[in-house]
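Following: one structure in structure tokens, then a few remarks.
The values are calculated or read from the model by the stated rules, or taken from the named source; none is laboratory data. As the structure is a computational prediction, the values presented were derived from the model and not from experiment. Note that each Cβ is placed from the backbone with ideal geometry, even for glycine, and that neighbours are counted across all protein chains shown. Only protein heavy atoms, including side chains, enter the accessible area calculation; ligands, DNA and RNA are left aside. Shrake-Rupley method; radii C 1.70, N 1.55, O 1.52, S 1.80 Å.
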Amino acid sequence: MHDVISPVTEEVVATVPATSVEETDAAVERAQRAFERWRNVAPGDRARLLRRFAAVVDAHNEELAQLEVRNSGHTIGNARWEAGNVRDVLDYYAGAPERLSGRQIPVAGGIDVTFYEPLGVVGIIVPWNFPMPIAGWGFGPALAAGNTVVLKPAELTPLTAIRLGELALEAGLPEGVFTVLPGKGSVVGQRFVTHPLVRKVCFTGSTDVGKQIMAGCADQVKRVTLELGGKSANIVFADADLEKAAAGAPGAVFDNAGQDCCARSRLLVQASVYDRFLGLLEQSVKAFRCEDPALETAQMGPLISSGQRESVKSYISEKEVLFTGSAPDGKGWWMPPTVVGARSTDDQHWREEIFGPVLSVMPFDDEDDAIRKANDTEYGLSGSIWTGDLGRGIRVARGVEAGNLSVNSNSSVRYWTPFGGVKQSGLGRELGPDAVAAFSEVKNVYFSTEA
């Protein structure tokens, strides 16, 4: 059994059974048996079941959101969006089964066609920072492609995933098609990697663990999608709308208390406007509301655990702190939004993924200097570019090594566009129109027409 602790009150909110290796094996075998039926469900019927699942999630949006506030310490506004994102992803991929068409390829002596075939059982390993949407990004397209899913939520935040598994059954998905298995990563997650009936593993989490999963999957030549760490740059040029960029910068890094792989945790500001921008940024940071996440006004809640808070604090030297926001006192793993100055790209807080509400700031000279500093990292997940010059926006976006970039915006994720990283930020792409293909095999069939 595992106690789920509220990061807001430090109290136990639920006790969840931990799945054993034997129970994991039994669930995978049930999923395999369900796969033989699910893959043969008519495309229109599979689409209807996914739309029904989306409707049931929508009907329970507030319940799921309130559960996430208790489970993860997310602000209520974010949690409602997250439950809505699961609904939207299911609705979006409900259109896929009837559109998953192959091709007819011209050949001599006959006709040649391709089919998209489902893989089988897909294992999805979900992190604690965004338990609902990241789960949906995996199981939505996987189910649409005709696969069955076994999903392991993070030990710290299993409650909304467990509830989504119950809602799937309520919506009419057959037993074994979507199964949630709470438990340890070293037990359940590792068994996804080693079980021969699990044909693909989707993992979101740290780069170090992702490397271990990739190595384990190689033993069976098992497909893998990895969404790993990030240390994204937020680049502000002198010709940008500085007020807008400064107003958006706190949310770009302090949302979810900085526990976001896409967090713009490195802020690069052109030297000619550096001091002016810091003045604007300080106003925005001090106005950023870190408070009880159940409040409608909350913009940031606590960190997920006491251990995570201590880890984040270890990166901060008081002499480097430029200014901070505020945070509640008392129970809860609170930490104020914190802005630190970077003297060098070798500074630890500049280079390493802190996964907390810490923003490192550094000036740059020109486009080349901005791109060089932005790319001086092993990560490449997301980032932003602020400029009033369209040509510069295009040049810098092409120059920065990242999978997802926004110009004059801090957005990273839209369910109808691809999402994923380069370098050590990951492998493969989630979301967008091509995600269903990532859960399919292309089968080629040639028909001879020769007499």
Exercise for review: State the extension gain, in nm to one decimal, for the chain segment bounded by Phe115 and Asp3, taking 0.36 nm per residue of separation less the distance between their alpha-carbons.
Suggested key: 35.7 nm
Revision key, fill the gap. Mean separation of Cα contacts under 8 Å (at least 6 apart) over the residue count of the range 308-451, i.e. the relative contact order in percent, is 15 percent
Point to revise | Rounded if a/c under 1.5, otherwise prolate or oblate - the range 171-254, Cα gyration tensor axes | key: prolate
Practice item. Within the range 175-222, report the trypsin sites (Lys or Arg not before Pro) that DSSP leaves as loop and that have at most 15 other Cβ atoms within 10 Å. Key: Lys184
Revision key, fill the gap. Heavy-atom accessible area with a 1.4 angstrom probe orders Ile316, Ile111, most exposed first, as Ile111, Ile316
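Give the percent of DSSP beta bridges with both residues in the chain that are antiparallel, rounded to the nearest 5. Could you put the intermediate results ahead of the total?
Details: 23 of 61 bridges.
Bridges in the chain are about 40 percent antiparallel.
Where the accessible area of the range 25-71 is counted over protein heavy atoms with a 1.4 Å probe, how much of it, in %, is carbon and sulfur? Present the calculation step by step, with values, prior to reporting the outcome.
Details: 1040 of 2190 Å².
Carbon and sulfur: 48 percent of the exposed surface of the range 25-71.
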Study note, to complete from the structure: If each part is reduced to its alpha-carbon centroid, the range 156-177 and the range 78-121 end up apart, in Å, by 22 Å
Review point. Based on the Cβ-Cβ distance of Arg39 and Val107, what FRET efficiency does E = 1/(1 + (r/R0)^6) give at R0 = 30 Å, to the nearest 0.05?
Key: 0.65
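Which whole-number value in Å² is the accessible area per residue of the range 1-152, probe 1.4 Å? Present the calculation step by step, with values, prior to reporting the outcome.
Values: 5850 Å² over 152 residues.
That works out to 39 Å² per residue.
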Check your understanding: How big is the gap, in Å, between the Cα center of the range 258-320 and the Cα center of the range 178-243?
Key -> 25 Å
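Give me the percent of accessible area attributable to carbon and sulfur for the range 270-321, probe 1.4 angstrom. Let's see the in-between values first.
Details: 1230 of 2700 Å².
About 46 percent, which is the carbon plus sulfur part of the accessible surface.
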Review point. With the Cα gyration tensor of the range 79-152 giving a ≥ b ≥ c as the square roots of its eigenvalues, does the rule (a/c under 1.5 for rounded; else a/b larger than b/c for prolate; else oblate) give rounded, prolate or oblate?
Key: prolate
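Determine the gain in length on full extension of the stretch Asn444-Lys184; use 0.36 nm per residue of separation and subtract their C-alpha separation, reporting nm with one decimal.
Details: separation 260, 0.36 × 260 = 93.60 nm, distance 3.96 nm.
Extra length from Asn444 to Lys184 when fully extended: 89.6 nm.
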**Study point:** With all protein chains modelled, accessible area of Arg276 [1.4 Å, Å²]
**Key:** 130 Å²
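Which FRET efficiency value, to the nearest 0.05, is calculated for Ala437 and Asp239 with the Förster distance at 51 angstrom and r the Cβ-Cβ distance? If you can, show how the numbers build up before the last one.
Numbers: r = 40 Å, r/R0 = 0.79.
So the FRET efficiency works out to roughly 0.80.
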Review point. Over the range 205-342, what is the percentage of antiparallel beta bridges among all DSSP beta bridges, to the nearest 5?
Key: 40 percent
Point to revise | the chain: angle of helix 207-218 to the longest principal axis, Cα-based, in degrees nearest 10 | key: 20 degrees
Check your understanding: Out of (1) 79, 47, 44; (2) 83, 55, 43; (3) 78, 57, 39, which label holds the value of Cα extents along the principal axes in Å that was computed here?
Key -> (3)
Practice item. Using DSSP to define loop residues, name the trypsin sites (Lys or Arg not before Pro) in the range 368-422 whose beta-carbon has at most 13 other beta-carbon atoms within 10 Å. Key: Arg414
Exercise for review: Starting from the amide H of Val407, placed 1.01 Å from N in the peptide plane, find each other amide H under 5 Å away whose residue is 5 or more places distant or on another chain.
Suggested key: Ile385
**Study point:** Set of the range 25-41 residues, backbone N closer than 16 Å to the point 7 Å along the Cα-Cβ line of Asp219
**Key:** 25
Check your understanding: Quick one: how many Å² of Ile105 are accessible to a 1.4 Å probe, rounded to 10?
Key -> 50 Å²
Check your understanding: Roughly how many percent of the accessible protein surface of the range 329-398 is carbon and sulfur, given a 1.4 Å probe and a whole-percent answer?
Key -> 45 percent
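Among DSSP beta bridges lying fully in the range 1-157, give the percent that are antiparallel, nearest 5. It would help to have the intermediate numbers written out before the result.
On the way: 8 of 13 bridges.
Taking every DSSP beta bridge within the range 1-157, about 60 percent pair in antiparallel fashion.
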**Study point:** For Asp58, solvent-accessible area (1.4 Å; no DNA, RNA or ligand), Å²
**Key:** 70 Å²
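Quick check on the range 217-299: take the gyration tensor over C-alpha atoms, sort the square-rooted eigenvalues as a ≥ b ≥ c, and tell me if it's rounded (a/c under 1.5), prolate or oblate. Don't skip to the answer; put the middle values down first.
Working: a/c = 4.06, a/b = 1.56, b/c = 2.61.
Oblate, since a/c reaches 1.5 and b/c is not below a/b.
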Review point. For the range 341-451, what is the accessible area per residue in Å² when the probe is 1.4 Å?
Key: 47 Å²
Review point. Got a sec to turn the phi values of the range 99-110 into Karplus ³J(HN,Hα) couplings, 6.51 cos²θ - 1.76 cosθ + 1.60 with θ = phi - 60°, whole Hz, x for Gly and Pro?
Key: 10, 7, 9, x, 10, 9, 10, x, 9, 7, x, x
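Considering only DSSP states other than H, G, I, E and B, which GluC sites (Glu not before Pro) in the range 213-282 qualify as loop sites with at most 12 other Cβ atoms within 10 Å? Display every interim value, and only then the final one.
On the way: sites: Glu227, Glu243, Glu282; in loops: none.
The qualifying sites: there are none.
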Study note, to complete from the structure: Amide H proximity to Leu151 below 5 Å, modelled H, separation 5+ or other chain, gives Ile124, Thr179, Val180, Leu181
Point to revise | Estimated 222 nm signal from helices in the chain, with DSSP H stretches of n ≥ 4 weighted -39500 (n - 2.57), rounded to 500 | key: -11500 deg cm²/dmol
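How far, in nm, would the chain grow between Glu352 and Leu295 when pulled straight, counting 0.36 nm per residue and subtracting the alpha carbon separation? Working shown, then result.
On the way: separation 57, 0.36 × 57 = 20.52 nm, distance 3.19 nm.
In short, 17.3 nm is gained.
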Revision key, fill the gap. Distance in Å, no decimals, from the C-alpha centre of the range 350-409 to the one of the range 1-73 is 36 Å
Practice item. Per residue of the range 236-252, in order, report the coupling 6.51 cos²θ - 1.76 cosθ + 1.60 (Karplus, θ = phi - 60°) as ³J(HN,Hα) in whole Hz, putting x for Gly and Pro. Key: 10, 8, 4, 8, 7, 6, 5, 4, 5, 5, 5, 5, x, 4, x, x, 6
Review point. Given R₀ = 45 Å, FRET efficiency for Lys319-Val16 by Cβ-Cβ distance, to 0.05?
Key: 0.55
Study note, to complete from the structure: Taking a straight Cα-to-Cα line shorter than 20 Å from Lys152, and setting aside same-chain lysines fewer than 8 residues away, one finds Lys184, Lys200, Lys211, Lys222
